[in-house]
């Protein structure tokens with residue numbers, strides 16, 4: 001019985017991720033004891049907030065069978081935009097709201113391309129990523145946009161128990177909200193149906209284009225929120241392109257959200273995010289060369305995609321076996 005329970009635990013993807021996460025923490029702590037100091041945990045949780053926000057937005061799209069590769073560019077332009085508005089003397093709240101509206105509009109544009117013009121989301125979002133990145137560089141001429149607003153800086157500087165930043169609390173609240181949306185609402189169930197089988201979703205009376213449009217707008221909104229918090233944390237809007245867009249997808253796929261759609265959840269996503277964040281922080285803490293850090297992050301993304309491939313293969317195998325059994329029982 002004990003052996004059976006252990007096997008079941010190992011087959012549970014979230015449990016397995018937690019075990020790997022613990023191994024990662026222990027490994028880097030043995031190499032660098034300062035790895036688990038409160039100050040380092042504070043920095044780690046702050047950086048994971050930005051990856052987590054983007055991963056949350058794109059993860060919901062992945063569940064529904066779509067993807068958005070422009071999240072990093074929207075974040076950069078949003079950070080630049082809110083910094084510009086603050087530098088002109090605008091209060092931080094209206095500046096943030098205007099920036100969030102931009103994010104929602106960016107998602108609307110992508111939704112029009114994908115659902116109105118029937119473009120592939122992969123292609124449409126890559127194109128818009130270049131547009132937004134270029135816009136940020138043109139507006140700033142490649143220079144960071146600085147501002148002075150102490151109230152706005154409080155968002156990123158506020159901490160609880162000297163090691164839990166308000167930024168991370170905001171992320172946790174959103175994860176809980178979207179987790180309830182996925183599991184407790186008709187809209188959440190419709191997302192899974194659209195990602196699992198779009199034709200079956202249509203036959204069930206669900207409008208996949210409507211679901212996808214709302215999720216693209218939501219993804220743009222969250223990406224802009226990420227940009228606002230990013231500008232608060234780093235005290236400027238930097239037009240330099242960010243690589244956290246790919247990290248966000250890695251965290252989502254590591255956490256069990258299928259790249260092909262139809263499966264996943266926010267609980268697994270949070271564990272995948274923590275695993276990725278502690279891994280990235282660890283390879284930096286031990287002084288690994290930046291070249292090898294890039295290699296390690298890319299390798300982790302490949303591993304995440306391979307795990308997703310085998311999970312999907314196993315899921316289809318179970319579905320086929322169930323269908324065959326049902327057909328045999330009817331015969």
Multiply the residue gap between residue 158 and residue 293 by 0.36 nm, knock off their C-alpha separation, and tell me the result in nm, one decimal place.
45.6 nm
Over the chain: helical MRE at 222 nm, DSSP H runs n ≥ 4 each giving -39500 (n - 2.57), nearest 500:
-26000 deg cm²/dmol
Rank the residues 58, 131 as a footprinting-exposure proxy: fewest other Cβ atoms within 10 Å of their Cβ go first.
131, 58
With everything on Cα atoms, drop me the angle between helix 38-63 and the longest principal axis of the chain, reported from 0 to 90° to the nearest 10.
50
For helix 13-31, what angle does its Cα long axis make with the longest principal axis of the chain, in degrees from 0 to 90 and rounded to 10?
50
Report the Stokes-Einstein translational diffusion coefficient (µm² s⁻¹, integer) for segment 46-116, Rh taken as the Kirkwood radius over Cα pairs, at 4 °C with viscosity 1.567 mPa s.
97
Percent of alpha-carbon pairs separated by more than 12 Å within segment 152-196
67
Taking only the alpha carbons of segment 18-137, what extent do you get along each of the three principal axes, in Å, biggest first?
53, 42, 23
What is the mean projected area of the alpha carbon convex hull for the chain, to one decimal in square nanometres?
20.1
Equivalent ellipsoid dimensions for segment 73-149 as semi-axes, Å, which come from the Cα gyration tensor, largest first
27, 15, 6
Normalised alpha carbon radius of gyration of segment 98-253 [divisor 2.2 N^0.38 Å]
1.20
Which of 163, 19, 274 comes first, and how do the rest follow, when ranked by fewest Cβ neighbours within 10 Å?
19, 163, 274
What is the order of 238, 247, fewest Cβ neighbours within 10 Å to most?
238, 247
Among 102, 113, 88: highest mean-square fluctuation, GNM of the chain, C-alpha pairs under 10 Å
88
Would you kindly calculate the mean projected area, averaged across all directions, of the convex hull enclosing the Cα atoms of segment 161-311, in square nanometres?
10.9
Helix axis angle, 166-184 relative to the chain longest principal axis, alpha carbon, degrees:
30
4 °C / 1.567 mPa s Stokes-Einstein diffusion coefficient of segment 262-307, Kirkwood radius on C-alpha pairs, µm²/s:
111
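Throughout, read-outs are computed from the coordinates displayed, never taken from laboratory work. Keep in mind that what you see is a predicted model, and the values were worked out from it rather than measured. As a convention, Cβ positions derive from the backbone with ideal geometry for all residues, glycine included, and neighbour counts pool all protein chains shown.
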